[in-house]
Amino acid sequence: MRVLEVLGICFVTLLALMFAIFFRRRLLRLGGGTIRLQVRTNTMVPGRGWSPGLGQFVGDELRFHKMFSLAIRPKRVLDRRVLTITERRLPAGPERLTMPVHWVVLRCAMGGTDVEIAMAETTVTGFLSWLEAGPPRDPGSVPGRSIFGPRPLEG
């Protein structure tokens, strides 16, 4: 009899966890401005380390929430004021097995750290327009890029 009780409790707990994850995803989508994306959280093995989730646009931030998590806070926050796209490519190698065919991988630089995100091609268009639609930056806050190579040292 004890075995059936333990199995019943485990089953009810599993159902409650699945409901909590589903309800959390519904709450995140309720506010609008959400997209499906993957963020590369581990770069130890080439082509691996992708984590599926939801991206939520809130002001100047794209907040990444892991798909199968109970956490209320986002796992990663991308700020469009310091975010730049450095590379755009198609999934390669093992990445092709974990992502749908029509997805694109974007390598982004954000304050000295590199972040890779993947999303559908149609979502990339909206993401890039959101990135460009930010308020004008203070000219002194971000160093300008020279089109002729690195700046000479002053001295």
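Bear in mind these aren't lab numbers, they're just calculated from the coordinates by the rules spelled out. Keep in mind that this is a model prediction, so the values were computed, not measured. Neighbour counts run over all protein chains shown; Cβ positions are idealised from the backbone, glycine included.
Structure above, values below:
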read-out: Which of Trp130, Trp50 has the fewest Cβ neighbours within 10 Å, and the rest in rising order; value: Trp130, Trp50
read-out: Simple Cβ-charge dipole of segment 31-132, Lys/Arg +1 and Asp/Glu -1, about Cα centre, in debye nearest 20; value: 300 debye
read-out: Gain in span if fully extended, Arg36 to Ala133, counting 0.36 nm per residue against the direct Cα distance; value: 32.9 nm
read-out: Using a Förster distance of 30 Å, the FRET efficiency for Arg81-Phe23 (Cβ separation, nearest 0.05); value: 0.40
read-out: Mean separation of Cα contacts under 8 Å, 6 or more apart, over the residue count of segment 25-97: relative contact order %; value: 22 percent
read-out: Relative exposure of Lys75, Lys66, judged by other C-beta atoms within 10 Å (fewest first); value: Lys75, Lys66
